[in-house]
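Structure first, commentary second.
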Amino acid sequence: MEKSLDRKLARILADSSCKEFILADAKDADMAFGLAAPGRSPEYHGGEARFRTLAEYRQLMREIVRQGFVDIMLMSASTNEVLTIQERLFDGSHVTPAVRANDTTDIWLATGTGRYASQPSLPFRTATIDHIMCGKMECQPEERKLGADLGLYSVTFNNDAALDRATLEAFKAFRLEAEAKGFRYFLEVFDPNACGDHPPKDVGRFVNDHIVRSLAGVTQRGRPLFLKIPYHGPAAMEALASYDPTLVVGILGGSAGTTFDAFHMLWEAKKYGARVALYGRKINNAEHQLTFIRYLRAVADDEIAPAEAVRAYHGDLAKLGIRPHRSLEEDLQRTSTASSYSGGSQVAKKGSPAASTRPGAAAAASTSSEPDFSRMTPAEKARWNLERWKRIVG
């Protein structure tokens, strides 16, 4: 079956002004959060940090793929082995399977580690291209279509020549291997996570410049299909999207936020040049993921405005007998949402729904800091950890 990703990319590259929009569900969080990856259990457990199981997480992926409103399902290599290679879930679907191809240290966020996200990102790959494509160490040529042939490769630049050179060397090695094996990829570029005493004054410009510079020496065969980057506002998005029409720009969702945050970010980013949205926690923390995705698709296809979509979503939740996380009034607010995996807010944007349709530049960057654990009592540490997980998983 023809994949909607391939059809939409072809149209976007042929006419950058077309209305096509690519939507991805990023369910690769088991390579970052550990037990919390599947998200909160829908059951009530009082003050316990109770989460879904991996089996429940994968069942949601099956349901979302069968629903058909997303174009890409992003998974870990182990989940790809189950759903793509063993179950053949994607064989009769227009949805494209994709796998997180590397896991840099700034997304190592399992409970109790604490420090990784605040230390400069270092390149690392758990999955191999062959394991993604066929589930074993070496694929025969005819086996490379058994699994996924699309991966997400992630980089984080920290304004440090030695660290950023190591990041680029690892990226180069991946690109060359991918080209040799017929493996496609899209490139995720996070905001700096640990610049120390030399943070960039304009994070959006910093990320844009590093993307352009890093890909200038890469010929077409080695370039990413599209980008996945934090949304830094209209000015930064428009500058990057207009620089090179052959470079398809996509946004990452960041932390959960309100339903209006999710719908409005996609709507505004598309208005200023984005053609892809990859939402992880925003989908995974929704009260009813299939309904949330249905309205996300409608916003992406210009069928409904963000505020109207929020109201309709709440109406559908009521029909399903599902209690929303927030009141409709609260869910229509625009809030600060984190743009990094760790839950730290790199770009904060606030405003009312009425004011949020106005173009504006990205707000000032801010970085969350950790407390001095040596001065905290065990009860204070437990309370801080509970609040941290509330921020991370919504």
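For the pair segment 46-87 / segment 198-218, the C-alpha centres are spaced 33 Å from each other. Taking the charge dipole of segment 160-238 about its Cα centre, with +1 at Lys and Arg Cβ atoms and -1 at Asp and Glu Cβ atoms, the residue from 173, 219, 235 reaching farthest to the positive side is 219. For segment 127-180, the per residue solvent-accessible surface stands at 47 Å², with DNA, RNA and ligands left out and a 1.4 Å probe. Spacing of the modelled spin labels on residue 115 and residue 271, each 7 Å from Cα toward Cβ, amounts to 4.5 nm. Measure off, as a whole percent, the carbon and sulfur share of the 1.4 Å-probe accessible area of segment 1-158, all protein chains present. Exposed carbon and sulfur together represent 54 percent of the surface.
For segment 50-59, the Karplus equation 6.51 cos²θ - 1.76 cosθ + 1.60, evaluated at θ = phi - 60°, returns couplings of 9, 10, 5, 8, 4, 4, 5, 4, 5, 5 Hz by residue, with Gly and Pro reported as x. Each residue, residue 161 and residue 1, gets one label point 7 Å from its Cα in the Cβ direction; the gap between the two is 5.3 nm.
The values are calculated or read from the model by the stated rules, or taken from the named source; none is laboratory data. Please read these numbers as outputs of a predicted model, since none were measured by experiment. Because the Cβ atoms are built from the backbone with ideal geometry, glycine has one as well, and the counts that use them run over all protein chains shown. Areas reflect the complete protein model, heavy atoms only, side chains present, ligands, DNA and RNA absent. Shrake-Rupley method; radii C 1.70, N 1.55, O 1.52, S 1.80 Å.
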